[in-house]
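Peer 1: What follows is a structure written as structure tokens; I'll ask about it next.
The values are calculated or read from the model by the stated rules, or taken from the named source; none is laboratory data. Every value quoted in this text rests on a predicted model; they were computed, and no experiment measured them. When we count neighbours, we look across all protein chains shown, and the Cβ atoms used for this are built from the backbone with ideal geometry, even at glycine. Keep in mind that these areas ignore ligands, DNA and RNA; they rest on the heavy atoms of the full protein, side chains included. Shrake-Rupley method; radii C 1.70, N 1.55, O 1.52, S 1.80 Å.
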Amino acid sequence: MSGSSRNRERSWTESMSARERIQAVAAALREPRSIEWISDQADTDWKTTDDEIRGLARQGHLGRIETGETTRFHPDYTQLLFAEIRTLIAENTREELRTELVEIAEEIEEWQATYDVETWNELEQSLTDADLASEELRERRDIIACWQENEEDRRLIKHALELYTDVEAARSQETGVAERAKRYSPSRRV
């Protein structure tokens, strides 16, 4: 991380407590990291970081891996998956999700036709072609990355659509419980 990026990040986090910064770093983990690494990223002392991270692990928010004498912590990948699906459902209508699936399919079909391949893996194999100029190699590399992202997005969107009705029903039930609680709260009785 460059010095200027670090300064911008620190100014953004100045209003956060040490524990909030640790939690923010933990929430952003995408691979196993040590307490020292998390402490450095959160700009907190080791003891506070250790206490908070081990607490998050006990609560099931983080997993832990013992590697020799070092313990590394990683995100709960199941929780991340469901959080992403929940966000998709909360921020999109069914129709928007369906439209996104169509757009992803169209983009992949365009790449398949342009490069005469069926999968991103086949396109990746074409990178060894000695006749390709550096610009075309870069373009194919970028398309491979986009293709992989599209496949991941498509998988998440399909899950979101499969669960959409169940999540709507749960929200409706939650709203109903909240409304009943308001109607029967002691402060409303006189």
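Peer 1: So which residues in segment 57-88 are in contact with a helix residue (DSSP H, G or I) (Cβ under 6 Å, 6 or more places away or on another chain) and either farther than 30 Å from Asp142 by Cβ or not aliphatic (A, V, I, L, M) (or both), if there are any at all?
Peer 2: Leu62, Arg64, Phe73, Glu84
Peer 1: Is there any pair with a first residue in segment 43-66 that is touching a residue at least 12 places away in the same chain (Cβ under 8 Å) and on the phi > 0 side of the Ramachandran plot and a second that is among the charged types (D, E, K, R) and surrounded by fewer than 14 Cβ atoms within 10 Å (Cβ to Cβ) whose Cβ atoms are under 7 Å apart and which are 6 or more apart or on different chains, and what are they?
Peer 2: The qualifying pairs are Asp43/Arg10.
Peer 1: Just give me the residues in segment 37-78 being under 30 Å from Thr165 (Cα atoms) and surrounded by 14 or more Cβ atoms within 10 Å (Cβ to Cβ), in sequence order.
Peer 2: Passing the criteria: His61, Leu62, Pro75, Asp76.
Peer 1: Can you find, within segment 122-138, the residue that is farthest from the chain's Cα centre (by Cα) among those that are of a type outside the set (A, V, I, L, M, F, W, C) and either under 15 Å from Glu151 (Cα atoms) or open to solvent by less than 100 Å² (accessible area, probe 1.4 Å) (or both)? Even if it seems obvious, please write down each step before you answer.
Peer 2: Step one: of segment 122-138, the residues of a type outside the set (A, V, I, L, M, F, W, C) are 122, 124-126, 128-129, 131, 134-136, 138.
Subset that is either under 15 Å from Glu151 (Cα atoms) or open to solvent by less than 100 Å² (accessible area, probe 1.4 Å) (or both): 122, 124, 126, 129, 134, 136.
Working: Glu122: 27, Glu124: 25, Ser126: 30, Asp129: 34, Ser134: 32, Glu136: 30 Å.
Only one residue fits best here, namely Asp129.
Peer 1: Follow-up question, since we're still on this one. Among the residues of segment 60-74, write down those that are polar (S, T, N, Q) and more than 17 Å from Ser39 (Cβ to Cβ).
Peer 2: Matches in segment 60-74: Thr67 only.
Peer 1: Counting only residues that are of a type in the set (Asp, Glu) and exposed (fewer than 13 other Cβ atoms within 10 Å of the Cβ), which one in segment 104-121 is nearest to Leu88 (Cα to Cα)?
Peer 2: Glu106
Peer 1: Any idea which of Ala133, Ala113, Ala90 is free of Cβ contacts under 8 Å to residues at least 60 places away in the same chain and within 20 Å of Asp166 (Cβ to Cβ)?
Peer 2: Ala90
Peer 1: May I pose another question? Out of the residues in segment 141-176 that are open to solvent by less than 100 Å² (accessible area, probe 1.4 Å) and at pLDDT below 70, which is farthest from Glu91 (Cα to Cα)?
Peer 2: Gly176
Peer 1: Give me the residue from segment 22-36 that is open to solvent by 60 Å² or more (accessible area, probe 1.4 Å) and assigned to a helix (DSSP H, G or I) and, out of that set, modelled with the highest pLDDT.
Peer 2: Only one residue fits best here, namely Glu36.
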